[in-house]
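Trainee: Starting off with a structure, shown below.
The values are calculated or read from the model by the stated rules, or taken from the named source; none is laboratory data. A quick note: this is a predicted structure, and the numbers were derived from the prediction, not measured. Glycine also receives a Cβ, built like all others from the backbone with ideal geometry; neighbour counts cover every protein chain displayed. For accessibility, only protein heavy atoms count, side chains too; no ligands or nucleic acids. Shrake-Rupley method; radii C 1.70, N 1.55, O 1.52, S 1.80 Å.
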Amino acid sequence: MRVVDLGLISYAEAEKIQKETLAEVVEGAEETLFLLEHPPVITLGRNGGRENLHVSDEFLQQQNIELVHSSRGGNITCHFPGQLVAYPIFRVAKKPGGMRGLFTDLEEVVIQTCSHYGLDTTRQEGRPGVWIGNRKICSIGIAMRKWTSYHGLAFNVLTDVDLFSLITLCGLSDAEPTSLEKELGRNDIDMQEVKHVLTEAFRTVFADSTLAQG
C-alpha cells in the first residue's frame, strides 16, 4: 500500500487525483491511501441531502464555503481543516466481504486510532461511521468503479466542528458532531501524529482483513 499525504487540498483537485489513481489501480498499480484535509466544503452524496442543508447558496458563497455534489454514497456531510480525510484506492473485487467488509474495516481503522489516544468508540447498526453515543466522530462514504474503491472516511480530529451547524449531519436528526480533541478535552493534538497513527491502523487492519491480499 502506497501512502500519499496531499496536505490541504480542494475537494475537486483531490477527486481528480483519486480518479487518475483509480484508473491506474484498476489496471494493476499499487493500491494507494491518500491522507489530506479540505478547505471548508459541504458535500451531498448520491442519496441526496439538500433538504438537510440549513442555509442558502448565497450564504455559503459569502462565507467561502463550497457546495459539491459528490459521487460517494451517503447523505450530506462537510469537510474542513482539522478533519483528517482518508481516501483508500483499494481493489475490492474477488475478496471476501466486499463493500460491507470495506466499511467494517474503515470503521475499525478509526476505532483503533481513537483507542491509541485512550478514547473508546463504537459502531452502530445501520448507521455507518464511528460513534460515542449519539456523537459522530467519523463519517464514511464510498464510491466504487470496476470494484475498486475511492472516496473514504472523514475523521474529526481538532476541536472546531462548527461547520456541522449548517447541516443535519448525515440526515440524522439525533446525531451530534464531535472530535478527538473535544472528547479528550485537549487542544494540542498534532495532526501529523494522527496521520501516522491512522496509517499504522490501516496497515494492521488491512493486513488481516476480509480485503487483505492473498
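Trainee: Working only within segment 140-186, note down all residues that are of a type in the set (Asp, Glu) and open to solvent by less than 30 Å² (accessible area, probe 1.4 Å).
Mentor: Glu181
Trainee: Taking strands (runs of 3 or more DSSP E) that fall entirely within segment 99-163, which contain at least 2 residues that are of a type in the set (A, V, I, L, M), at pLDDT 95 or above and under 23 Å from Ile89 (Cα atoms)? So that I can check it myself, show each step before the final result.
Mentor: Numbers: elements: 122-124, 127-132, 135-145, 148-156.
Filter on segment 99-163 gives 148-156.
Trainee: Could you please find all residues in segment 27-67 being among the β-branched types (Val, Ile, Thr), modelled with pLDDT under 95 and open to solvent by 20 Å² or more (accessible area, probe 1.4 Å)?
Mentor: Val55
Trainee: Continuing with the same structure: In segment 180-200, what residues are more than 16 Å from the chain's Cα centre (by Cα) and either within 10 Å of Val157 (Cα to Cα) or in a loop (DSSP other than H, G, I, E, B) (or both)?
Mentor: Hits for segment 180-200 are Glu181, Lys182, Glu183, Gly185, Arg186, Asn187, Asp188, Ile189, Asp190.
Trainee: When only residues in segment 51-79 that are β-branched (Val, Ile, Thr) and in a loop (DSSP other than H, G, I, E, B) count, which is nearest to Ile167 (Cα to Cα)?
Mentor: It comes out as Val55.
Yes/no per residue for (1) free of Cβ contacts under 8 Å to residues at least 40 places away in the same chain; (2) aliphatic (A, V, I, L, M):
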residue: Gln124; (1), (2): yes, no
residue: Thr148; (1), (2): no, no
residue: Leu169; (1), (2): no, yes
residue: Glu193; (1), (2): yes, no
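Trainee: I've got another one for you. Those residues that are within 18 Å of the chain's Cα centre (by Cα) and either at pLDDT 95 or above or not hydrophobic (A, V, I, L, M, F, W, C) (or both), I need them from segment 164-179; list them, please.
Mentor: Thr168, Gly171, Glu176, Pro177, Thr178, Ser179
Trainee: Take the conditions in contact (Cβ under 8 Å) with a residue 12 or more places away in the chain and over 22 Å from Val109 (Cα atoms) and apply them to His69. Does it pass?
Mentor: So His69 fits the description; yes.
Trainee: Oh, and also: Sort out which residues of segment 127-158 are more than 17 Å from the chain's Cα centre (by Cα) and more than 21 Å from His54 (Cα to Cα), and write them in order of number.
Mentor: Gly133, Arg145, Lys146, Trp147
Trainee: State the number of residues belonging to segment 100-122 that are touching a residue at least 60 places away in the same chain (Cβ under 8 Å) and open to solvent by 20 Å² or more (accessible area, probe 1.4 Å).
Mentor: 6
Trainee: If Lys95 satisfies every condition in (1) touching a Leu at 6+ places or on another chain (Cβ under 6 Å); (2) open to solvent by 20 Å² or more (accessible area, probe 1.4 Å); (3) at pLDDT 95 or above but one, which is the exception?
Mentor: So Lys95 meets the others, but not (3).
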